[in-house]
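Since the structure comes first, as structure tokens, the remarks are kept for the end.
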Amino acid sequence: MPRLIALLTDFGHHDIYVGVVKSVILSRLPKAVLIDLTHSVPPGDIPGAAFQLRAAAPYLPEDALFLAVVDPGVGGKRRPICARSGGRLLVGPDNGLLRPAASALGEPEFFHLDKPQFWLPRLSSTFHGRDLFAPVAAALAGGTPPEEVGAPITDPVTLVFPSPLIASGGARSARGEVIWIDHYGNAVTNFQPEYLAGALEDASAVTFTVGGVDLGPPRTHYGASASGEALVVLGSFGYYEIAVRDGSAAERLSLARGTPVWVRGAP
Amino acid sequence: MPRLIALLTDFGHHDIYVGVVKSVILSRLPKAVLIDLTHSVPPGDIPGAAFQLRAAAPYLPEDALFLAVVDPGVGGKRRPICARSGGRLLVGPDNGLLRPAASALGEPEFFHLDKPQFWLPRLSSTFHGRDLFAPVAAALAGGTPPEEVGAPITDPVTLVFPSPLIASGGARSARGEVIWIDHYGNAVTNFQPEYLAGALEDASAVTFTVGGVDLGPPRTHYGASASGEALVVLGSFGYYEIAVRDGSAAERLSLARGTPVWVRGAP
Amino acid sequence: MPRLIALLTDFGHHDIYVGVVKSVILSRLPKAVLIDLTHSVPPGDIPGAAFQLRAAAPYLPEDALFLAVVDPGVGGKRRPICARSGGRLLVGPDNGLLRPAASALGEPEFFHLDKPQFWLPRLSSTFHGRDLFAPVAAALAGGTPPEEVGAPITDPVTLVFPSPLIASGGARSARGEVIWIDHYGNAVTNFQPEYLAGALEDASAVTFTVGGVDLGPPRTHYGASASGEALVVLGSFGYYEIAVRDGSAAERLSLARGTPVWVRGAP
């Protein structure tokens, strides 16, 4: 049985782009099993895509192949690469997109996809998802080892997510930010419980503030507040998130990626 | 061959939520076959989701499993449940969502999904679609009977769709409402031909009115009117719907869910 | 193994329409493999759908079946048809939608789907995608030959894409137009390199103009311009397209389908 192929792109659903990538894969590997992680990454948003990819990665089978294409540099000098980490394979452009997921899954090795015999015969300069990444992914999912489709490299592009900062005045508070707004308008912050436990002088009773609004301590679940009320919960990927019960926190509190969020420890 | 798994949620396409649910299922049941009914139910819209689920249910194979998650009460006291009805299985939160489809398919039995050994090892309080419903669905689709994943219950939450009313003045007219607006802007009413035949004194020549606009009798198909003209047709799920040829009835006539619709029988 | 079934519709993602079509297919052909080309064709946009279908067609396996439904005439006199061309099958309404793809794949034969025994028992007048095309596609994908599901016809509806015009004053310039706006806001024109080589007196150094803006000669790839700058590149389906690096050409230059585009040859 071939490796499961999980797709994540910024191709959207308006065009045939995702369908054509799947067509190329299935033409070469008819027994391929494909799932969509998302294709609604904002166009060219490499950090957003990298965050989503890393969040999804642990839930896939242990031999999954990730085909991730957010590729504003297509046709230029950026390299096409494959990473192997913790048994999984990740295929995409060398622009940082694959790095956080690859590092979360294990100790990654990287390969430059430099063997044209695995690509479509004609390589466009605008759609390597179809012409290069899809056929290489089909080969890899079908059992070809990374060593055959590319040469090892040790200098892939790195990408680092914004870390929370310890505020001046010591470890009584910390400044983080919103790193993702989801479909419901929930605002995912870059605060994790483990971080706060390590960084704050006393993390036994944290409270959150955003845009001057005191959100109080984290609640147990969305329903632990009144309808329409803002609250903080520990989100499903391990980060605290700001939500509004039966509503959109992003709209209600004017939150966007990069909006600063403050946490104070116990006084 | 495992049961076909049909997904219906309000997760949208912006995030990896649907993809992660599928990942969990395929990690546990690699031969699972999954289809999407829709993931664009408005956030938290339980009646809308229940209507869609019931409409789709008869078209799935006779041993299908429905995984339906619209779950504003996640993490609180609402129970996770499974229903078995007419050979199919339905999995989701106990908030009324599964009930209309389960009742339409047969005589439903219900089970409280209270066996943590079938869940992911760590249960979040915000994403039971991933942590509880997906792994239980994988077990059930793979052949585990409902009795093993939960205890029988007899008091699931009910949900009743708004029924048309017979207007005062007898059975010469009836008042219903719009219960769904589709992608094309067609407005599905809660009038069915069988209802009108039973309720009106003379249903041989009904005419429809909405917002003061006389729509006349039902037409045979969309093309039976001029371009841009409003009309009523018998929609594909058995309800009369208001449409505008080559346009959106919802926009043109300012229709929304709950908009009252009147039917008059033959004079 | 059944033929791969590739779906292209204007059904959108808001409703269960696509899911129900797949349900009908899988009920009748449980081993069917389905992929989505797109379901976001603008409602009723037959030329747009035909363009997308033709663009995708060459990337599918050589025995693929295309199920394409953009069907404003559903329930009326338009015929349901199947085309066989170059080993592939195409199923949909006889309104021109299938024609360009069928002609691109080979020498098409056409069949009128006039055998009700292959349809669902009850045919609605509003959703032939579910009631007629899906079950016929399942039969064809499973091995039933087109001759059994319909009678041969020789007069399918034609559809011709807008061709570029040679401007008055001879072959020093040509007038084309925008034929598709994609998810990124790239504007696909109807100019192909082969056309320009044949039509212009000297195509060795063409330059493009749209809305009075000089776009210069085609560049090698999106990144060959400064961020925010408009440019022309040879797009992935063989047409020149107008793009803005890190932005939307459609928004920036107010482009839409039908917007005129000019090409001048070498002076």
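Just wondering, is there one or more residues in the range B:173-180 that are open to solvent by 30 Å² or more (accessible area, probe 1.4 Å) and without any contact (Cβ under 8 Å) to a residue 40 or more places away in the chain?
So far as the range B:173-180 goes, no, none of its residues is open to solvent by 30 Å² or more (accessible area, probe 1.4 Å) and without any contact (Cβ under 8 Å) to a residue 40 or more places away in the chain.
With (1) touching a residue at least 24 places away in the same chain (Cβ under 8 Å); (2) within 19 Å of C:Lys22 (Cβ to Cβ); (3) within 14 Å of another protein chain (Cβ to nearest Cβ) as the list, and C:Arg88 as the residue in question, which single condition is left unmet?
(2)
Return the pair list, or none, for Cβ contacts closer than 6 Å from residues in the range A:243-267 that are farther than 24 Å from A:Phe51 by Cβ to residues that are open to solvent by 90 Å² or more (accessible area, probe 1.4 Å) and not in a helix (DSSP H, G or I), at least 6 apart or on different chains.
Going by the 6 Å Cβ cut-off, the qualifying pairs are A:Gly265/A:Arg172; A:Gly265/A:Glu201; A:Ala266/A:Ser204.
Using the structure shown, decide if B:Tyr240 is in contact with a Phe, Trp or Tyr (Cβ under 6 Å, 6 or more places away or on another chain), of a type outside the set (S, T, N, Q) and modelled with pLDDT of 95 or more.
Criteria met by B:Tyr240.
Which of the following residues is open to solvent by 10 Å² or more (accessible area, probe 1.4 Å), touching a Ser or Thr at 6+ places or on another chain (Cβ under 7 Å) and facing another protein chain (nearest Cβ under 10 Å): A:Pro30, A:Pro61, A:Pro42?
Just a single option satisfies the conditions, and that option is A:Pro61.
Identify, please: which residue in the range C:136-155 is closer than 20 Å to C:Leu26 by Cα and over 23 Å from the mean Cα position of the chain (by Cα) and is, among those, least open to solvent (accessible area, probe 1.4 Å)?
C:Val149
Could you list all residues from the range A:1-27 that are assigned to a helix (DSSP H, G or I), β-branched (Val, Ile, Thr) and more than 7 Å from every other protein chain (Cβ to nearest Cβ)?
A:Val18, A:Val21, A:Ile25
Inspect all residues belonging to the range B:182-199 and state whether any of them is within 14 Å of another protein chain (Cβ to nearest Cβ), over 16 Å from the mean Cα position of the chain (by Cα), surrounded by 19 or more Cβ atoms within 10 Å (Cβ to Cβ) and in a strand (DSSP E or B).
Taking every residue of the range B:182-199 in turn, none turns out to be within 14 Å of another protein chain (Cβ to nearest Cβ), over 16 Å from the mean Cα position of the chain (by Cα), surrounded by 19 or more Cβ atoms within 10 Å (Cβ to Cβ) and in a strand (DSSP E or B).
What residue, of A:Pro116, A:Pro121, is farther than 18 Å from A:Arg79 by Cβ and exposed (fewer than 12 other Cβ atoms within 10 Å of the Cβ)?
Selected residue: A:Pro121, the only one of A:Pro116, A:Pro121 that is farther than 18 Å from A:Arg79 by Cβ and exposed (fewer than 12 other Cβ atoms within 10 Å of the Cβ).
Let's see how each residue does on (1) touching a Pro at 6+ places or on another chain (Cβ under 8 Å); (2) within 17 Å of A:Ser27 (Cα to Cα); (3) among the charged types (D, E, K, R):
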site: C:Val20; (1), (2), (3): no, no, no
site: C:Leu34; (1), (2), (3): no, yes, no
site: C:Leu37; (1), (2), (3): no, yes, no
site: C:Gly44; (1), (2), (3): yes, no, no
site: C:Pro47; (1), (2), (3): no, no, no
site: C:Phe51; (1), (2), (3): yes, no, no
site: C:Ala55; (1), (2), (3): no, yes, no
site: C:Pro58; (1), (2), (3): no, yes, no
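For residues that are out of contact with any Ser or Thr (no Cβ under 6 Å at 6 or more places or on another chain) and more than 21 Å from B:Pro43 (Cβ to Cβ), scanning just the range A:211-222, find the one that is nearest to the other protein chains (Cβ to nearest Cβ).
Step by step, filter the range A:211-222, then rank; the result is A:Pro218.
Taking A:Ser225 and the conditions (1) within 14 Å of chain B (Cβ to nearest Cβ); (2) free of Cβ contacts under 8 Å to residues at least 24 places away in the same chain; (3) open to solvent by 20 Å² or more (accessible area, probe 1.4 Å), which numbered condition does it fall short on, given that it satisfies the others?
(3)
Tell me whether the range B:246-255 contains one or more residues that are crowded, with 20+ Cβ neighbours inside 10 Å and either in a strand (DSSP E or B) or small (Gly, Ala, Ser) (or both).
Checked against the condition, which is being crowded, with 20+ Cβ neighbours inside 10 Å and either in a strand (DSSP E or B) or small (Gly, Ala, Ser) (or both), the range B:246-255 yields at least one hit.
Filter the range B:256-267 for residues that are open to solvent by 30 Å² or more (accessible area, probe 1.4 Å) and either within 20 Å of C:Gly44 (Cβ to Cβ) or part of a strand (DSSP E or B) (or both) and give the result.
Answer for the range B:256-267, where residues must be open to solvent by 30 Å² or more (accessible area, probe 1.4 Å) and either within 20 Å of C:Gly44 (Cβ to Cβ) or part of a strand (DSSP E or B) (or both): B:Pro260, B:Trp262, B:Arg264.
Can you find a residue that is open to solvent by 30 Å² or more (accessible area, probe 1.4 Å), assigned to a loop (DSSP other than H, G, I, E, B) and closer than 19 Å to C:Tyr17 by Cα anywhere in the range B:204-219?
no
Tell me, yes or no, whether the range A:102-121 has at least one residue that is within 25 Å of A:Gly12 (Cβ to Cβ) and of a type in the set (Lys, Arg).
No.
Limited to the range B:64-85, what total is found for residues that are out of contact with any strand residue (DSSP E or B) (no Cβ under 6 Å at 6 or more places or on another chain), hydrophobic (A, V, I, L, M, F, W, C) and within 11 Å of another protein chain (Cβ to nearest Cβ)?
Summing the residues that are out of contact with any strand residue (DSSP E or B) (no Cβ under 6 Å at 6 or more places or on another chain), hydrophobic (A, V, I, L, M, F, W, C) and within 11 Å of another protein chain (Cβ to nearest Cβ) in the range B:64-85 gives 1.
Return yes when A:Phe237 is surrounded by 15 or more Cβ atoms within 10 Å (Cβ to Cβ) and touching a Pro at 6+ places or on another chain (Cβ under 8 Å) and no when it is not.
no
Would you tally the residues in the range B:86-113 being surrounded by fewer than 24 Cβ atoms within 10 Å (Cβ to Cβ) and more than 22 Å from B:Pro58 (Cα to Cα)?
Within the range B:86-113, residues that are surrounded by fewer than 24 Cβ atoms within 10 Å (Cβ to Cβ) and more than 22 Å from B:Pro58 (Cα to Cα) number 1.
Sort through C:Phe118, C:Phe133 and tell me the only one that's within 14 Å of chain B (Cβ to nearest Cβ) and farther than 30 Å from C:Gly247 by Cβ.
Unique residue meeting the criteria: C:Phe133.
Look at C:Gly48 and say whether it is farther than 26 Å from C:Pro152 by Cβ and more than 9 Å from chain B (Cβ to nearest Cβ).
Answer is yes for this residue.
The values are calculated or read from the model by the stated rules, or taken from the named source; none is laboratory data. In this text the structure is predicted, and so the values were computed from the model without any measurement. With ideal geometry, Cβ positions are generated from the backbone for all residues, glycine too; neighbour counts draw on all protein chains shown. With ligands, DNA and RNA removed, areas are computed over all heavy atoms of the protein, side chains included. Shrake-Rupley method; radii C 1.70, N 1.55, O 1.52, S 1.80 Å.
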